[in-house]
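J.: Quick one: the structure is below, questions incoming.
Quick note: the coordinates plus some simple rules give every number you see, no bench work behind them. It should be emphasised that the depicted structure is a prediction, and the values quoted were computed from it without experimental measurement. Cβ coordinates were reconstructed from backbone atoms using ideal geometry, including for glycine residues, and neighbour counts include every protein chain displayed.
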Amino acid sequence: MKAIDLENRYSARNYEPLPVVLARGKGAHLWDTSGRRYVDMMSAYSAASHGHGHPRILSALKAQAERLAVPSRAYFNDRLGPFLEQLCKLTGLNAALPMNTGAEAVETAVKAARRWGYRVKGIARDRAEIIVASGNFHGRTTTVISFSTEPEYRDGFGPFTPGFRAVAFGDLAAIERAITPDTAAVLVEPIQGEAGIIVPPAGFLAGLRRICDAHRVLLILDEVQSGLGRTGSWFAFQHEGIRPDGVILGKALGGGVLPVSAFVATREVMDVFTPGSHGSTFGGNPLASAVGLEALHVIREEGLVERSRVLGAHMLERLRAIGSPALKHVRGRGLWVGAEIDPAIASARDACERLLDKGVLSKETHHTVVRLAPPLVIARDDLDWALDRFEDVLREFDGTRRPSRAALAALA
C-alpha cells in the first residue's frame, strides 16, 4: 500500500505497526482505506476512551477553535480556570498544572516532588530520591527512561538521570525498606499498563498511603492510562479509598482529539512552583482546556465510569471462562484487561495479527500479552463480537477447534 510504503520510507522506525491503514473512526469502530470496519479494542492506550469522533467533543473543539486557540499563558484565558476546577473537584486535590503529553506531566510531578523535598521536607540540595516500581512505564523522555527497568527503553540513551530507586511492584515491605531520609516521593502506576496490565495485591495502595504518611514521603500516582473511568472508577486509587498527594492525568483527558495532560496535587506540593520555574507554551491553552472540560463532562453525563465497571466485569468473566491452553492468564480491572498468551504455543503479536484479519484491532505488549481495552462507549454486542473473535484465535492456536460462543449461538 502507498501509505505503508511512504511511512516505511520517511518515518523513523520507532514503531512496528500492524499492517492496516486506518482512515476513519466513529465510536468504537475504525475503518481502513478500503472501507473495512474494525472493532477497536485498544482505544489508543486510553486516549480514545470516549470513542472516535465523539460529537460533543468535536463540537467543543470546533467552537473553541473558532474563538481562541493558543494565546500563551502570558495572559489569563476564560477556559483554563473552569477546567482546572473540575480536575481538582474530581480528584479531591487542590491545584493543577496543565501540560500536553503524559510524559510531560510525569516530568512535572518529578520536578514538584524534588522541589518539595528540598523546600518543605528539608532534604539536602541535590540529594532527593524518588522510589519507583520495577516494570514501570511513565513515558519516553530522557529523565523518565532513567528510572525504567526495561533494557530496550534505555539501550543507547545514557547517561541517565540519577535520583531514582526501583523496587518490586506490589511489594510494600520492599518500598518501606528503600525509604531513606532523602526520599521525597513514591511514584507508581496503580495498575501497570505497558507491563501487561499488572494489578497489584489488594490493599497495596492503602498500604502505600500508610507508609508514605509514616515517613513523610509524597505518594504520587500515574493515572495517565488508568484514570478517567478506565478501571470502573474515576481513578484507580478510589478502589482503595485513598487520596494521593499528587496524580498524573493524560490520554483520555484530551477526548481522543488533542494531547491534554495535567499534574494535580495538594496545595503544599503545588506551591513549590513559582513564576518561571516551570511552564509549557501549549499547556493550558484555551482549546485544550475546552476539550478537556468537555471530556470530563461526557464521562460523567454519559455514565462511562459505570459502563466501564459493568462491561469490564463481563469481559473478565467471558475471558476467564474460555479455558484455552493458549491463554495462560487473564488480569485487569474495568475495561482494561491483559490476556497472557502461552509463548510455547503462540506469540501475542501473532494473536494480534490474526485478530486484525478477523476485524478486531488490538496490540501486544512484552511479546506475551494481548491488551483488550476498548473505548468506554463500546456497545455490549460489539464487545462480545470482538471477544468471540479472540476466542476463535485461541482455538486456532490450541487446535481444539471447539466451537466459539458465536458459532454455538448461530447453531441454536
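J.: Any chance you could give the angle, 0 to 90 degrees and rounded to 10, that helix 286-301 forms with the longest Cα principal axis of the chain?
T.: The helix 286-301 is inclined about 60 degrees to the chain.
J.: Under 37 °C and 0.692 mPa s, how fast does the range 147-193 diffuse according to Stokes-Einstein, given a Kirkwood radius computed over C-alpha pairs? Answer in µm²/s, whole number.
T.: Diffusion coefficient, whole number: 263 µm²/s.
J.: What 222 nm value per residue comes from the helices of the chain, counting each DSSP H run with n ≥ 4 as -39,500 (n - 2.57) and dividing by all residues, nearest 500 deg cm²/dmol?
T.: Calculated at 222 nm, the ellipticity per residue is -11000 deg cm²/dmol.
J.: Hey, another quick one. Translational diffusion coefficient of the range 55-301 at 4 °C, 1.567 mPa s, Stokes-Einstein with Kirkwood Rh over Cα pairs, in µm²/s as a whole number.
T.: Values: Rh = 18.3 Å.
In µm²/s, the coefficient is 71.
J.: Then there's this: If packing is taken as the average number of other Cβ atoms within 10 Å across a peptide's residues, how do 26-35, 337-346, 41-50 rank, most packed first?
T.: Ranked by mean Cβ neighbours within 10 Å, highest first: 41-50, 337-346, 26-35.
J.: On C-alpha positions alone, give me the angle between the axis of helix 380-398 and the longest principal axis of the chain, in degrees, nearest 10.
T.: That works out to roughly 70 degrees.
J.: How much length is gained on full extension from residue 119 to residue 268, taking 0.36 nm per residue of separation minus their Cα-Cα distance?
T.: Once the chain is fully extended between residue 119 and residue 268, it gains 52.6 nm.
J.: What percent does the relative contact order of the chain come to when contacts are Cα pairs within less than 8 Å and at least six residues apart? Write down the numbers at each step before the final one.
T.: Details: 802 pairs, mean separation 91.1, N = 412.
It rounds to 22 percent for the chain.
J.: Okay, moving on. Based on the alpha-carbon gyration tensor of the range 107-185 and its eigenvalue square roots a ≥ b ≥ c, which shape applies: rounded if a/c is under 1.5, prolate if not and a/b is larger than b/c, or oblate? Write out the running numbers ahead of the final one.
T.: Numbers: a/c = 2.17, a/b = 1.29, b/c = 1.68.
In terms of gyration-tensor shape, oblate.
J.: Continuing with this model, one more query. Net charge near residue 353: determine it from the other residues with C-beta under 13 Å of the C-beta of residue 353, scoring Lys and Arg +1 and Asp and Glu -1.
T.: With Lys, Arg at +1 and Asp, Glu at -1, the neighbours total 0.
J.: What nm value, rounded to one decimal, do you get for the distance between residue 75 and residue 277 when each label is placed 7 Å out toward the C-beta?
T.: With each label point 7 Å from Cα toward Cβ, the separation is 2.7 nm.
J.: Give me the net charge for the shell around residue 330: Cβ to Cβ below 11 angstrom, other residues only, Lys and Arg +1, Asp and Glu -1.
T.: +2
J.: If you wrap a convex hull around the alpha carbons of the chain, what volume per residue comes out, as a whole number of Å³? All intermediate terms of the calculation are to be shown ahead of the outcome.
T.: On the way: hull volume 64.3 nm³, N = 412.
Convex hull volume per residue, Cα atoms: 156 Å³.
J.: For the range 283-412, with equal point scatterers placed on the C-alpha atoms only and solvent neglected, what are the log10 I(q)/I(0) values from the Debye formula at q = 0.16, 0.19 1/Å, to two decimals?
T.: Each listed q corresponds, in turn, to -0.81, -1.04.
J.: Oh, and also: Calculate, for residue 21 and residue 174, the FRET efficiency according to 1/(1 + (r/R0)^6) with r their C-beta to C-beta distance and R0 51 Å; round to the nearest 0.05.
T.: After rounding, the FRET efficiency stands at 0.65.
J.: Explain nothing, just compute: Karplus ³J(HN,Hα) = 6.51 cos²θ - 1.76 cosθ + 1.60, θ = phi - 60°, for every residue of the range 123-133 in order, whole Hz, x for Gly and Pro.
T.: Using θ = phi - 60°, the values come out as 5, 4, 3, 6, 10, 4, 10, 10, 8, 10, 9 Hz.
J.: Name the residue farthest towards the positive end of the dipole of the chain from the options 195, 344, 57, assuming +1 on Cβ of Lys and Arg, -1 on Cβ of Asp and Glu, about the Cα centre.
T.: Of 195, 344, 57, it is 57.
J.: First select every other residue whose beta carbon is under 10 angstrom from the beta carbon of residue 230; then total the charges, Lys and Arg +1, Asp and Glu -1.
T.: +1
J.: While we're on this one: For the range 43-123, what is the convex hull (Cα atoms) projected area averaged across all directions, in square nanometres?
T.: 7.5
J.: Now for a different question. Once label points are set 7 Å from the Cα along Cα→Cβ at both residue 85 and residue 13, what is their separation, rounded to one decimal in nm?
T.: 5.3
J.: I've got another one for you. Per-residue counts of other Cβ atoms within 10 Å, averaged by peptide: what ranking do you get for 146-152, 388-394, highest first?
T.: For the peptides 146-152, 388-394, the packing ranking is 388-394, 146-152.
J.: In addition: 5 Å is the cut-off here: which amide hydrogens, built 1.01 Å from N in the peptide plane, fall below it relative to residue 123, excluding neighbours closer than 5 in sequence?
T.: For residue 123, whose amide H was placed from the backbone, the distant partners under 5 Å are 118.
J.: Rounded to whole Å and sorted largest first, list the principal axis extents of the Cα atoms in the range 33-81.
T.: Result, largest extent first: 46, 22, 18 Å.
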